[in-house]
Ligand code: SF4
C-alpha cells in the first residue's frame, strides 16, 4: 500500500512556523538596507523596469528603423540591462553582485521555473532566462547546479529552450523526465504530488512567470505558475482557481524554496489566455520583479486591466473572472504576501 | 502480450477482499498465477504496486534525467477526437461528457486531466491507453446478480471526473495519462485478451470509465463482435446523451452512489448528487442491469436518516429488486483520519434498507459476513453463498428460487 504523508492544516501550520521561509523572512531578505526594513516592515516592494527599445530602435518618421521593433527576438544587451535595472529597483542597490549573492549561496541547487504553455509567442523569454542564469553563475553557482524547468520537456523546446541534461552546463528539462514524488503533500483544499525537480534539484526556486490573462483564473502570473510544480493542476481550476492557487503556494516545500519572482512582461496577454493568441497580446517590454508573489500578481493584474480598458474590454470582474485567489493568498490563513495596494511600494523605471 | 492461464489458474481465494475495487492488491494474485511477458508484467505491475516498486526504484535513480529512460508512450497512438463536446469562439470548447461541463481554452485540459483542447478541437488522450489490466471475479466489481462465478477482463485508463477524498486508486484516477505507465491495447486486442482469459465480460473499472468513454464504446463493440459482454463500474456522473451512447453499449452497470446528500458530494466527492440519481433512473428506463454500491464512511454518510432516505428513493424510483451493497470504508488518500466502518454500522444500514422494503441488500468488504449471500426474498433461503469473491453455492435455477420458485432478478447464466 501507499505511504503517503497527509498533513493536516494544524500540523502544517505548526511545522511551517519552524521550518519554512515565511513571508516575514522574505520581507527581511528583500531589504538589503536593514534600516529600511525596520521602517517599512509590512510593505512589499514591486519593481518594474521598461525598455521601449528592447527589440531594437523605434521607427523613425519614415518607419525605416522599425525592422526589429516587432521582433520576438530581444536585444541581449538590453535584456541584460533591463534585468539589472529591475533588480536594482527592487533592492535599492546598484551593486548587482551583492544583490544576487544575497539571494543564493555557492553550493546551492537553483531551480528556474519558467512558463512555457504559450509556445514561442507567450512563454518565459529564453534570453531573459539565460541572463538570470548568468547572474546566478556570477554569484558563485555552478552551471550544472542550475536547472531551468517546467512541467514538460516538449513544451520547453516549443518555447525555444534546449533540453540539456548532464555535463557541466546549465540543465534544462521538464518534470516528465524525472516524474513526481510518490508522497502526497496537502494544504487546505489541495493534495498533490510535487515535481521531483522541485524536491530534489532545488534548494532555491526562482519563478519566471509570464504576464497573462487566464480564461478561468482571471490572470496567470506568479502564484498560478506554481501549478506547473504539481501533478494534478487540472483538479484545481474550478471556482476561478480559488482557493486552490493560494493553497498550492502554501505547500511547504514550495513556500520554503521560493525566493524571487521575475515576471516576464516583455510580451503579455490581456485576453484569451493562457494560450498564445497574437491578437490578444501586447508588448509592455517590461520586467516585474518582487519577492512577494501576491503583490506582484496584484500589480500585474492592474496592468492587464489597464490594457483591457484601453482595448475597450470589460474588467475581469465584469466578466466574472476577477482573480479572487490573490486576495485569498493574502488572507490570514495564507499570508503569502500583500494585495493591499497601499502596502505595496511600486518602483518604476523607464530605461528608454 | 502473453497471459497464460484461465479460470482455473486464477487463485481466487488469494485475492484481496478488503479492497474490492483496488487493483493494487489483486494484481499480485493475477501475476503470481500467470505467466506474463515482461511488458505485460510491467503493465499489470504498474497498477499493482509490486511493480510500482520497480518503477519507483527506476524513477528514484532518475533524479538525474540523463539516467532516466523516458517511458515510451506515443501520444499519437492514444489520441482521438472526443465525441461529446461543443466548439466555442476563440478556440475554446465546452465538454459535454459529464455534468461538470468544463469550458477549456486552447492547450488546456478539463478537470479529468485526460482531455485536451488543441487549437479548438477536443481530444481524448486515453483511447486504448490501458494503465491497469487484471482478470477479476465479477463479484469484485461487485456485481452479485450478474453471471456469478465468472471472470471479467478488467481494465482502466488514467483519470477521473471527480476527486473522492477516500479514493483507493488515486495513483491512477487522479493522475494525468502521461504520469502513469500504460500500454497500447486497442479495442480488438482487449476482446482477444478477454477471450484468451476465458472472461465472458470486459469490465471498465478502477478509475472512472466516464472519462474514457470513447475507448469503452469501441472496446464494447469489439467485444460484442467476439461474443463478449461489457460491464462498467462507474460513478454515474455523466450527461444523458453520453450515458445513452456509451453505457447503452453495456450489458451490466455498477454505480457508486457515494452518499445521499448533495453537501457530501460537494465536499467529499467534488461532484453533485442529482446527476447520479438521474443516471440511475435513466439506466432503469434503458433496461440495463444495475447494482448500486454505497461506501459507508463513518460520521460522513452513515446517518440513519440519510440511509433511510436513500432506501426510500431507490424503492420509489428503481424498485425493490435493485441490489444495494453497503461496503466498508478503509482510510486512504485524503481521508485517513477516519476509522474503518464498524460492522454494526453496516448491519444497521442493511436493516434500514430492508425495513424500507428492498429485497437484495448486501454488506461488502467484510469477507464471510452472512450478508454477502443472496437470500430468496420470499422463503428467505440462501440461494447464492459467497465468501469474499468466492462462490460456495449457486442454487438459482432458470432465474428462480429452487425452493419456492420465486423469480430472482439478475442475469444468472451466460
Ligand atoms: S469529462 Fe472531463 S473534461 Fe469533460 S466535463 Fe467531465 S471533467 Fe470536464
**Prompt:** Which one is surrounded by the fewest Cβ atoms within 10 Å (Cβ to Cβ), of the residues in segment B:125-160 that are more than 14 Å from chain A (Cβ to nearest Cβ) and within 16 Å of the ligand (Cβ to nearest atom)?
**Reply:** B:127
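Considering only residues that are in contact (Cβ under 8 Å) with a residue 60 or more places away in the chain and either in a loop (DSSP other than H, G, I, E, B) or crowded, with 20+ Cβ neighbours inside 10 Å (or both), which ones fall in segment A:104-119?
In the first step, residues of segment A:104-119 are kept if they are in contact (Cβ under 8 Å) with a residue 60 or more places away in the chain; the result is A:104, A:108-115, A:117-119.
A:104, A:108, A:109, A:110, A:111, A:112, A:113, A:114, A:115, A:117, A:118, listed by residue number.
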**Asked** Within segment A:239-249, is there a residue that is more than 14 Å from every other protein chain (Cβ to nearest Cβ) and either in contact with a strand residue (DSSP E or B) (Cβ under 6 Å, 6 or more places away or on another chain) or assigned to a strand (DSSP E or B) (or both)?
**Response** yes
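Give the residue that is nearest to the other protein chains (Cβ to nearest Cβ), with candidates limited to residues of segment B:200-213 that are more than 10 Å from the ligand (Cβ to nearest atom) and buried (at least 24 other Cβ atoms within 10 Å of the Cβ).
Residues of segment B:200-213 more than 10 Å from the ligand (Cβ to nearest atom): B:200-207, B:209.
After this cut, where a residue has to be buried (at least 24 other Cβ atoms within 10 Å of the Cβ) as well, the list is B:201-207, B:209.
On the way: B:201: 28, B:202: 27, B:203: 23, B:204: 21, B:205: 19, B:206: 15, B:207: 13, B:209: 18 Å.
Step by step, filter segment B:200-213, then rank; the result is B:207.
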**Asked** In segment B:275-299, how many residues are in a helix (DSSP H, G or I) and either under 23 Å from residue B:101 (Cβ atoms) or out of contact with any helix residue (DSSP H, G or I) (no Cβ under 8 Å at 6 or more places or on another chain) (or both)?
**Response** 11
**Request:** For segment A:123-207, please list each of the strands (runs of 3 or more DSSP E) lying entirely inside it that holds at least 2 residues being more than 10 Å from chain B (Cβ to nearest Cβ).
**Result:** A:146-150, A:185-187
**Fill in**
Scanning segment B:72-93 residue by residue, the ones that are within 8 Å of the ligand (Cβ to nearest atom) and more than 22 Å from the chain's Cα centre (by Cα) total 1
**Asked** Does residue B:319 qualify as being at negative phi and out of contact with any strand residue (DSSP E or B) (no Cβ under 8 Å at 6 or more places or on another chain)?
**Response** no
**Message:** All but one of (1) in a loop (DSSP other than H, G, I, E, B); (2) in contact with a strand residue (DSSP E or B) (Cβ under 9 Å, 6 or more places away or on another chain); (3) closer than 21 Å to residue B:268 by Cα hold for residue B:330; state the number of the condition that does not hold.
**Reply:** (2)
**Prompt:** Which is away from chain A (no Cβ under 14 Å), assigned to a loop (DSSP other than H, G, I, E, B) and at pLDDT 95 or above, of B:366, B:314?
**Reply:** B:366
**Prompt:** Can you find even one residue in segment B:96-111 that is touching a residue at least 24 places away in the same chain (Cβ under 8 Å) and more than 10 Å from the ligand (Cβ to nearest atom)?
**Reply:** no
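Against the definition (surrounded by fewer than 24 Cβ atoms within 10 Å (Cβ to Cβ), within 16 Å of the ligand (Cβ to nearest atom), assigned to a loop (DSSP other than H, G, I, E, B) and within 14 Å of chain A (Cβ to nearest Cβ)), how does residue B:167 come out, yes or no?
On the way: surrounded by fewer than 24 Cβ atoms within 10 Å (Cβ to Cβ): yes; within 16 Å of the ligand (Cβ to nearest atom): yes; assigned to a loop (DSSP other than H, G, I, E, B): yes; within 14 Å of chain A (Cβ to nearest Cβ): yes.
So residue B:167 passes the test.
Could you count how many residues in segment A:215-226 are within 14 Å of chain B (Cβ to nearest Cβ) and either surrounded by fewer than 24 Cβ atoms within 10 Å (Cβ to Cβ) or in a loop (DSSP other than H, G, I, E, B) (or both)? I'd like the intermediate steps shown before the answer.
If we filter segment A:215-226 for residues that are within 14 Å of chain B (Cβ to nearest Cβ), which is where we start, we get A:215-220, A:224.
Okay, now just the ones that are also either surrounded by fewer than 24 Cβ atoms within 10 Å (Cβ to Cβ) or in a loop (DSSP other than H, G, I, E, B) (or both), so A:215-217.
Qualifying residue count for the region: 3.
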**Asked** Restricting attention to segment B:71-98, which residues are surrounded by fewer than 18 Cβ atoms within 10 Å (Cβ to Cβ) and out of contact with any strand residue (DSSP E or B) (no Cβ under 9 Å at 6 or more places or on another chain)?
**Response** B:71, B:72, B:75, B:76, B:89, B:90
**Prompt:** Of these, A:185, A:210, A:178, which one is surrounded by fewer than 24 Cβ atoms within 10 Å (Cβ to Cβ) and in contact with a strand residue (DSSP E or B) (Cβ under 8 Å, 6 or more places away or on another chain)?
**Reply:** A:185
**Message:** Let me spell it out: the conditions are (1) modelled with pLDDT of 95 or more; (2) over 23 Å from the mean Cα position of the chain (by Cα); (3) within 14 Å of the ligand (Cβ to nearest atom), and residue B:120 meets all of them except one. Which number is the exception?
**Reply:** (3)
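This table checks each residue for (1) over 20 Å from residue B:247 (Cβ atoms); (2) more than 11 Å from chain A (Cβ to nearest Cβ).
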| position | (1), (2) |
| --- | --- |
| B:85 | no, yes |
| B:88 | yes, no |
| B:98 | no, yes |
| B:108 | yes, no |
| B:112 | no, no |
| B:118 | yes, no |
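The values are calculated or read from the model by the stated rules, or taken from the named source; none is laboratory data. Here the structure is a predicted model, which is why all the values come from computation and not from measurement. Note that we place each Cβ from the backbone using ideal geometry, even for glycine, and neighbour counts take in every protein chain shown.
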